[in-house]
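Trainee: Before we start, here is the structure in question, set down as structure tokens.
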């Protein structure tokens, strides 16, 4: 399907709004502003000398500008001591008024956004310390993802002014003194935000109190006791009204709060009420699939903001609208991204690929199977337009690549879909996802961790799967010749790939054979290339379709009826060549006796040619220079060619 058709369908489904060029649910994440200052880890190695246990925000904000004043207190333990200096990150445009370490006023200096506090006495390893940074100032408001970590904007649809934070991936320093390390989750946090009494301030966790202060001010006191990553802390301030309700967990007496801070325009609630209410259905469904909502003792909720998409701030998503697939995407992140967070930005597909796949699961379950299939087909079509990268992110200094809608979101979701197909057992597949959630709850995980859980669940090595679909580029193209002789149907798959990083994809494949007497779906496993399959069928075949249910990311190949195809003629199509690559020799079998074999180098120069007298061919390689060679087999003008690699 072409790109314009795909956009039309996504518009029909309510996935995207006016910005049709951005095609993932968190719309602007697909087309962010690349920042030259992006980094792969903490800005200074000294930040890894301590482990954060608790933070307390006590800040004053408004919805009219990005001005912040107050303090952030950090309690941490020394992990690499003795600690002689405390290092944190904060945008250099802020004025730091003072820094207290264990209540003592300390000298500090900054180099850009990295601040170093000199300690009067070194703190020994394993001891706690408390750092409190007092600061104030304002930075320019951002407007798109990855522009700045705080912005003040007016809703173009509703007119409300909102100040809200957006920290992912490297922008937390734009609003609070932080350590931007994915692997150092903060054990708990208190977020106190003082605002004019006409406003509300939404944040993570449970609202413990609203304290009235002098000067017509109110302090919103939020608390979360669940581990949380630095970029998932958030604040949103506006003239909100609250619409909240409780959702029960089926079969128990437990329920949880869904708390929504929405614009105080009465038409907003009437416009979105049914969609907000459907979040309850989403919570129950995803809890059934992945285990109970991980933060149920606090809440799930939303703060609306003038945002083209959404951001999955833990327990309190910041959301531009309540489109169904956007809402379920962000909710899905509470499991995949928040409860279990990617351990590096290279592994961001563990957040975004999962949340994108959850969109598909919800559409399939609650809309219909046909729309679900079309939804996945649309994702595949988007990837196939320009499939030039891996799911795994090589360059984490490029924020555009980290959150690329095609490779991180859609291709990540596609890989999960294919993994589910490999399992061929939904009970087992979703059990693996629940084990993954339980094992890494409140922690971080990388791709290798997820692979270990899933292969233990399946009881099968998944090295080849992850190498092909996550770490390497491209997709398969299945070219098929087929024939039917009596009740025997046979077909030969000659797979090519879109990128040379994968010789061929070892994978199960579905093939649908068509007949006026009814179609038949067969599942085969391609582990050689080319490879021949046959089965008995008492119907007359009129053709076939490869991968009719779109389990795989594969481009259309040629499908040809070949009346000359027989098992004898096809024997050379199911060769085993091993080892390949090699440094010693290649062993090839079975080769049909009488076949002419020729061996050439990369330039096409024929090194030797001979007629086969046995079914096994051994080609010595010790004397050959390293490089690429070709073996050509000619059986009565049926020619097949294989690539041989000498190390």
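The values are calculated or read from the model by the stated rules, or taken from the named source; none is laboratory data. Quick caveat: nothing in here was measured; it's all calculated off a predicted structure. Cβ: placed from backbone, ideal geometry, glycine included. Neighbour counts: every protein chain shown.
Trainee: Please indicate, with yes or no, whether at least one residue in the range 553-566 is surrounded by fewer than 18 Cβ atoms within 10 Å (Cβ to Cβ), at pLDDT below 85 and farther than 30 Å from residue 386 by Cα.
Mentor: yes
Trainee: Check residue 441 against each of (1) over 18 Å from residue 364 (Cα atoms); (2) touching a strand residue (DSSP E or B) at 6+ places or on another chain (Cβ under 8 Å); (3) part of a helix (DSSP H, G or I) and name the one condition it does not meet.
Mentor: Checking residue 441 against (1) over 18 Å from residue 364 (Cα atoms); (2) touching a strand residue (DSSP E or B) at 6+ places or on another chain (Cβ under 8 Å); (3) part of a helix (DSSP H, G or I), the one that fails is (3).
Trainee: Can you name every residue in the range 623-647 that is modelled with pLDDT of 85 or more, under 17 Å from residue 577 (Cβ atoms) and in a loop (DSSP other than H, G, I, E, B)?
Mentor: Listed by number, the list holds a single entry, 624.
Trainee: Sort through 474, 459 and tell me the only one that's under 24 Å from residue 506 (Cβ atoms) and surrounded by fewer than 19 Cβ atoms within 10 Å (Cβ to Cβ).
Mentor: 459 is the lone residue from the list that is under 24 Å from residue 506 (Cβ atoms) and surrounded by fewer than 19 Cβ atoms within 10 Å (Cβ to Cβ).
Trainee: Right, here's the next one. Check whether at least one residue in the range 477-491 is in a strand (DSSP E or B), farther than 30 Å from residue 530 by Cα, touching a strand residue (DSSP E or B) at 6+ places or on another chain (Cβ under 7 Å) and outside the structural domain of residue 639 (by TED's automatic domain parsing), and report yes or no.
Mentor: The answer is no, given that none of the residues of the range 477-491 is in a strand (DSSP E or B), farther than 30 Å from residue 530 by Cα, touching a strand residue (DSSP E or B) at 6+ places or on another chain (Cβ under 7 Å) and outside the structural domain of residue 639 (by TED's automatic domain parsing).
Trainee: Could you check residue 174 against (1) in contact with a helix residue (DSSP H, G or I) (Cβ under 8 Å, 6 or more places away or on another chain); (2) over 28 Å from residue 278 (Cβ atoms); (3) buried (at least 22 other Cβ atoms within 10 Å of the Cβ) and say which number it fails?
Mentor: (1)
Trainee: Could you tell me which of the residues 407, 354 is in contact (Cβ under 8 Å) with a residue 12 or more places away in the chain and in contact with a strand residue (DSSP E or B) (Cβ under 8 Å, 6 or more places away or on another chain)?
Mentor: Sole residue among the options that is in contact (Cβ under 8 Å) with a residue 12 or more places away in the chain and in contact with a strand residue (DSSP E or B) (Cβ under 8 Å, 6 or more places away or on another chain): 354.
Trainee: Could you list all residues from the range 600-619 that are under 45 Å from the mean Cα position of the chain (by Cα) and not in a strand (DSSP E or B)?
Mentor: 602, 603, 604, listed by residue number.
Trainee: In this structure, does residue 66 turn out to be in a strand (DSSP E or B), surrounded by 15 or more Cβ atoms within 10 Å (Cβ to Cβ) and touching a strand residue (DSSP E or B) at 6+ places or on another chain (Cβ under 6 Å)?
Mentor: no
Trainee: Residues that are within 28 Å of the chain's Cα centre (by Cα) and modelled with pLDDT of 95 or more, at least 1 per element: which strands (runs of 3 or more DSSP E) completely within the range 117-173 meet that?
Mentor: The strands (runs of 3 or more DSSP E) meeting that bar are 150-154, 161-165.
Trainee: I'd like the residue in the range 182-211 that is in contact (Cβ under 8 Å) with a residue 60 or more places away in the chain and outside any strand (DSSP E or B) and, out of all such residues, is farthest from residue 51 (Cα to Cα).
Mentor: 199
Trainee: If you go through the range 529-540 one residue at a time, how many are surrounded by 16 or more Cβ atoms within 10 Å (Cβ to Cβ) and not in a strand (DSSP E or B)?
Mentor: The qualifying residues number 4.
Trainee: Looking at 349, 345, 335, which is the one that is in contact with a helix residue (DSSP H, G or I) (Cβ under 7 Å, 6 or more places away or on another chain) and either farther than 26 Å from residue 549 by Cβ or assigned by TED's automatic domain parsing to the domain that holds residue 262 (or both)?
Mentor: Answer to the check: 345.
Trainee: Could I ask something else about it? May I ask you to list the residues in the range 212-240 that are under 26 Å from the mean Cα position of the chain (by Cα) and part of a strand (DSSP E or B)?
Mentor: If the condition is that a residue be under 26 Å from the mean Cα position of the chain (by Cα) and part of a strand (DSSP E or B), then 224, 228, 235, 236 are the ones that fit.
Trainee: Quick one: which of 283, 289, 269, 307 is touching a residue at least 12 places away in the same chain (Cβ under 8 Å), crowded, with 23+ Cβ neighbours inside 10 Å and not in a strand (DSSP E or B)?
Mentor: Criteria check complete, one pass: 307.
Trainee: Follow-up. Please verify whether residue 597 is more than 30 Å from residue 383 (Cβ to Cβ), under 44 Å from the mean Cα position of the chain (by Cα), outside the structural domain of residue 518 (by TED's automatic domain parsing) and at pLDDT 90 or above, treating the condition exactly as stated.
Mentor: So residue 597 does not fit the description; no.
Here is a yes/no grid of residues against (1) at pLDDT 95 or above; (2) over 22 Å from the mean Cα position of the chain (by Cα):
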| residue | (1), (2) |
| --- | --- |
| 13 | no, no |
| 43 | no, yes |
| 54 | yes, yes |
| 66 | yes, yes |
